[in-house]
1. Find the centroid of the Cα atoms in region 355-382 and in region 264-309, then give the distance between the two in whole Å.
2. I want to check a number: in region 52-178, how many lysine pairs have alpha carbons closer than 23 Å, given a sequence separation of 8 or more or different chains?
3. For mean projected area of the Cα convex hull in nm², the listed values are [x] 19.7; [y] 24.9; [z] 23.0; which was obtained by calculation from the structure presented?
4. Projected area of region 217-291, taken from the Cα convex hull and averaged over every viewing direction, in nm²?
5. Counting just the Cα atoms, what span does region 207-443 cover along each of its three principal axes? Round to the nearest Å and put the largest first.
6. Pull out a ≥ b ≥ c, the square roots of the eigenvalues of the alpha-carbon gyration tensor of region 161-206, then state rounded if a/c is under 1.5, prolate if not and a/b is larger than b/c, and oblate in the remaining case.
7. Cross-link candidates for Lys48: which aspartates and glutamates have Cα within less than 14 Å, leaving aside residues fewer than 8 places away along the same chain?
8. On full extension of the chain, what length is gained from Ser265 through Ile170, given 0.36 nm per residue of separation minus the C-alpha to C-alpha distance?
Amino acid sequence: MFGKLLVANRGEIAVRIIRACRELGIKTVAVYSEADADGLHAALADEKVCLPGFKPVDTYLNMEKVIQAARETGAGAVHPGYGYLAENEAFALRCGEAGIFFIGPRPENIRLAGNKLRAKKQAAAAGLPVIPGCERGICTVEEAVAAARDTGFPVILKATAGGGGRGMRICSDEEELREEFPIARAEAGASFGDVTLYVEKLLRNPRHIEVQVLGDSGGRVIHLGERECSVQRRYQKLIEESPSPALDDDLRDKIGAAAVRLAESINYFNAGTVEFMLDANNNFYFMEINARLQVEHPVTEMVTGIDIVKEQVRLALGERVKTGVQRHRGHGWALECRINAEDPEKFFLPSPGLIECYRAPGGFGVRLDTHVYQGYRVPPYYDSLLAKLVAWGRDRAAAICTMRRALDEFTLEPVKTTIPLHKRILADQSFQKGTFNTSLVNRFVPADDDD
């Protein structure tokens, strides 16, 4: 057991974890960079430690500084949130060596999930359908061309160590593949320190479905239903919801069972997500495992009533998953809009600066996870996420109505945000009917120069 936990993150997710720990009676330690000296997470924690510097590599990504902060404050556990060190196998191992609970998956789970090609092979071995493509990593353009010819164009290049859309390039023919290969390879190297790529058949305008899983130390795994994540730009999610309007009960059960089967096959521990692509014929294919807490976890919490962060802590302490069934039927519908400090009219140009006017939405069915306030200065060094606005309703139509009302109330000025884009998307007929796919956002934003 531990009585104090260090939150190795910043922003809204750090605030989210601190609140959950307070309700569990666990004291918290916040680490913060010099740019986050006025951060809400630092103000809410019981203790705080400054990590000198501004850039992530000097602060939130610095394993030595984070572990030293935990030691100095007597924190018996570290929660990494998402991003930064959350999927860093070395960090999870270092925490264990220091006698500190790592609130997340085991290092071996992180290692498997971190290599997309290895995870794909494991999924196939567990009987999950996988997207056709090469079975080994490639490092030269000639290898990529040969793999693409075998697979059949169009294809997509992916980084084996990838995530967040980095190192991914769509190629319609051999000429385009030869142009895109060095770009994808360079991006993979810069983002993940690994230039290895693989080739996969491109599914045109699919839907993106993910399943939340929880696994305990005894090997028991359950899922908490699925999330629809198809509203995205350049593989970055903008709106998520649970359940998915694309699934009927039969398909929902099949995808949920597949996620549990894969998690059980790797003895998955703690919280994670198994992600799938769904084609126009309702065939689903394994895509990847995310061995961490997801940004969009609140929509699952809203329909299940289960606090996933608290479950992560309980599982780390050796408790069993709460139910013996392989699924959890939710209640109602929930949507999440990611509110970013970006200008959708100017190719999502970041918009840091002082928030001079702030008015938060509220009312029945509204949840706001945020770290900002009036007078807060959005720093230019970090991810642009300002808030996650979540709306719940008894059905999808009610949830959409609540979200549209909440977006109308939400004021963050003068920084530019994605709120106007969310309003346009939610008013769209295909979104309201639930018939959209991953191409939806292209109708609402200007084309990028490299698209």
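1. Region 355-382 and region 264-309 have Cα centres separated by 27 Å.
2. Details: Lys55/Lys65; Lys116/Lys158; Lys120/Lys158; Lys121/Lys158.
Within region 52-178, the lysine pair count is 4.
3. The value computed from this structure is option [x].
4. Working: hull surface 21.3 nm².
Averaged projected area of region 217-291's Cα convex hull equals 5.3 nm².
5. Cα spread of region 207-443 along its principal axes, largest to smallest: 50, 42, 32 Å.
6. Working: a/c = 2.39, a/b = 1.36, b/c = 1.75.
Because a/c hits 1.5 or more and a/b fails to exceed b/c, region 161-206 counts as oblate.
7. Partners found: Glu34, Asp36, Asp38, Glu72.
8. Numbers: separation 95, 0.36 × 95 = 34.20 nm, distance 3.12 nm.
Full extension of this stretch gives 31.1 nm more.
Quick note: the coordinates plus some simple rules give every number you see, no bench work behind them. Quick caveat: nothing in here was measured; it's all calculated off a predicted structure. Neighbour counts run over all protein chains shown; Cβ positions are idealised from the backbone, glycine included.
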